[in-house]
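The values are calculated or read from the model by the stated rules, or taken from the named source; none is laboratory data. All values derive from a computational prediction rather than experimental measurement. Methodologically, a virtual Cβ is constructed for each residue, glycine included, from the backbone with ideal geometry; neighbour enumeration extends over all protein chains shown. Surface accessibility is based on the protein's heavy atoms, side chains included, excluding ligands, DNA and RNA. Shrake-Rupley method; radii C 1.70, N 1.55, O 1.52, S 1.80 Å.
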Amino acid sequence: MAQVLSFQLFLSSSGPTKPLKSHKRTRKFTSISTYTKGPPGPVKKIHKLNLEVSPHRAVSAVRLMRIEMGGAFADLLNEKGKGSGDNEMGYVERTLGFRTKDLDDRDLRLVTDIVGGTIRWRRYLDHLIGSMCHDQSTFRNMEPLLLQILRIGFYEIVKLNMPPYAVVDENVRLAKVALRVGAGNMVNGILRKLVSLKENNSLPLPRLEGDDRAQARALATLYSHPVWMVRRWTKYLGQEEAIRLMMWNNSNPTFSLRANNAKGFTRADLVMRLDLLKVSYKVSLNLDQFVCIKTGMQIVIQAGLLKQGLCAVQDESAGLVVSIVDPQPGEVIIDCCAAPGGKTLYMASQMNGQGIVYAIDINKGRLRILKEAAKLQQVDSVITTIPSDLRNLAENYPLKSDKVLLDAPCSGLGVLSKRADLRWNRKLEDMEELKNLQDELLDAASSLVKPGGVLVYSTCSIDPVENEERVEAFLVRHPEFHIDVVDKYVPSDFMTKRGYYYSDPVRHSMDGAFATRLVRAL
């Protein structure tokens with residue numbers, strides 16, 4: 001307890017920690033301003049409400065622009081049509097130059113489907129679009145908004161099987177209103193060519209032939225993934241399993257909800273509420289507080305279950321990592337890279353208000369969100385947030401705790417079903433940089449574990465370089481630790497031959513994740 005008190009004194013006296021790097025993104029497209037200068041200040045232009053353009057297509061096009069050009073995430077749209085920061089309807093007005101009607105529930109679902117699907121199938125769609133342009137320079141030099149409108153049309157026709165000529169008319173109208181008549185004519189010609197080829201079953205797709213490189217390029221186009229991922233998965237899994245994995249990544253994601261016992265809200269209570277809302281679900285076979293839903297997340301959000309802190313969105317794979325930590329009342333636990341805080345909150349809910357979870361993260365803003373969520377879920381008495389680089393903290397303060405969770409920064413290759421944009425933001429070069437960071441963080445985290453204490457290393461990756469290889473290298477550097485087989489904490493189907501935890505997206509129908517439980521010698 002003396003260590004805990006002295007650690008709290010350290011927190012109160014320590015200043016802010018400087019982040020390692022600060023990355024600023026610059027927009028690559030020009031917004032159409034809706035403001036004019038003049039005294040006494042900016043005056044907003046009033047655009048007429050345009051009811052000719054389908055609102056979900058306008059919002060989808062703008063959101064796709066923001067994701068690709070501005071770095072926004074694909075999942076940051078709430079029930080009122082707001083994106084990351086700005087009201088997305090206002091963003092349509094500023095960028096496209098017209099107002100559109102607010103999104104109803106059907107429109108919201110369509111935006112989610114179209115944006116997520118268009119991102120997933122981007123490489124495949126771009127191959128088709130490029131094949132139907134007069135030459136490759138036309139495709140390469142295409143203005144961003146026009147390209148997004150074409151992607152939406154191609155996705156709706158090829159993957160959603162929507163009525164083709166309705167799709168053509170709607171997207172042509174969007175291009176004419178948001179850009180110009182000539183752009184609409186171009187969309188009309190390209191989409192009608194696509195309809196004709198699809199009806200004749202003659203889409204110009206690559207054939208799976210040639211050497212390994214040629215086959216990887218063909219698979220990357222057919223299943224819309226970067227070539228380097230295809231080659232890596234083919235190497236580790238074989239071609240058939242790599243294809244199954246890509247098919248999983250391209251499917252509509254399944255979400256899990258965790259009932260918040262800290263508020264006295266059980267899974268039985270959650271099931272009753274879902275029945276009343278007519279949301280289909282399956283109870284988890286692996287975790288007592290979890291249910292899985294395929295559709296109906298907007299209904300759950302609108303019902304206020306998340307805002308009231310009664311439940312949280314958390315994948316089963318992440319819940320099983322917490323099972324491996326096995327938090328107990330009265331323990332001192334350190335969550336080393338805690339934000340956004342899902343595992344922190346779940347661990348705290350298991351401690352019956354006794355003990356403490358130190359949530360460390362380099363990002364102060366995300367820690368503030370975690371603190372708000374902790375208060376909402378009534379576990380804030382157990383959680384103390386620490387804005388710091390773990391490596392600096394471990395070096396300057398010799399705290400020894402019962403358990404340490406290092407949910408390490410990783411490639412995220414296990415969550416590509418939910419994070420469709422991530423596949424296009426990762427590069428092969430990132431793997432080497434992440435590997436070095438993971439080693440540094442593991443060394444730092446290990447110094448916070450008391451003799452006989454537990455270190456849990458986890459990732460949301462399916463890549464052995466980030467998982468098994470990092471653990472094996474760590475054990476060579478730190479022979480004072482040994483592996484504690486995870487079969488006491490998770491179902492045996494999730495345990496590897498070496499005693500690690502591994503969730504396989506295809507086999508287990510959940511996010512891919514890895515964890516190992518390491519015990520420090522007395």
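Rounded to 0.05, the FRET efficiency of the L437 and V506 pair, given R0 = 30 Å and the Cβ-Cβ distance, is 0.60. In terms of overall dimensions, the C-alpha atoms belonging to the stretch 233-305 reach 47, 22, 16 Å along their principal axes, ordered largest to smallest. Residue order by solvent-accessible surface for R57, R140, R366 is R140, R366, R57, largest first, with ligands and nucleic acids left out and a 1.4 Å probe.
Taken per residue, the accessible surface of the chain reaches 46 Å², heavy atoms only and a 1.4 Å probe.
In the stretch 382-506, what percent of the accessible surface is made up of carbon and sulfur (1.4 Å probe, ligands and nucleic acids excluded)?
Result for the stretch 382-506: 53 percent of the exposed heavy-atom area is carbon or sulfur.
Annotation for the stretch 506-522 versus the stretch 130-187: alpha-carbon center distance of 44 Å.
A simple spin-label model places pseudo-atoms 7 Å from Cα toward Cβ; at S202 and Q378 they are separated by 6.7 nm.
Here r is the Cβ-Cβ distance between K450 and R368 and R0 is 35 Å; the resulting FRET efficiency, rounded to 0.05, is 0.75.
Extension gain for the segment S492 to E480, taken as residue separation times 0.36 nm less the Cα-Cα distance, is 1.7 nm to one decimal. In sequence order, the stretch 349-354 has phi-based couplings of 5, 8, 9, 6, x, 10 Hz under the Karplus curve 6.51 cos²θ - 1.76 cosθ + 1.60, θ = phi - 60°, and Gly or Pro positions carry x. The calculated Kirkwood hydrodynamic radius for the stretch 440-517 is 13.1 Å, given to one decimal from all distinct C-alpha pairs. Here the 3J(HN,Hα) profile of the stretch 118-132, calculated from phi with Karplus coefficients 6.51, -1.76 and 1.60 at θ = phi - 60°, is 5, 5, 4, 9, 4, 5, 5, 5, 5, 4, 5, 4, x, 5, 9 Hz, Gly and Pro shown as x. For V415, the amide hydrogen comes within under 5 Å of the amide hydrogens of G512, counting only partners 5 or more places away or on other chains and with H modelled in the peptide plane. How would you classify the stretch 168-313 from its alpha-carbon gyration tensor, with a ≥ b ≥ c the square roots of the eigenvalues: rounded for a/c under 1.5, else prolate if a/b is greater than b/c, otherwise oblate? Oblate shape, in that a/c is at least 1.5 and b/c is the bigger or equal ratio.
Between Y165 and K307, the C-beta separation translates, for a Förster distance of 45 Å, into a calculated FRET efficiency of about 0.60. Based on alpha carbons, the Rg and Dmax found for the stretch 294-398 are 14.4, 48 Å. A P(r) calculated from all alpha carbon pairs of the chain, with 20 Å bins opening at zero, reads 20, 50, 27, 3 percent. Using a probe radius of 1.4 angstrom, the carbon and sulfur fraction of the accessible surface of the stretch 172-211 is 46%.
The amide H of V283, built 1.01 Å from its N in the peptide plane, has C292 as neighbours under 5 Å, considering only residues 5 or more places off or on other chains. Here the stretch 245-308 exposes an accessible surface that is 59 percent carbon and sulfur, computed with a 1.4 Å probe and the other protein chains kept in place.
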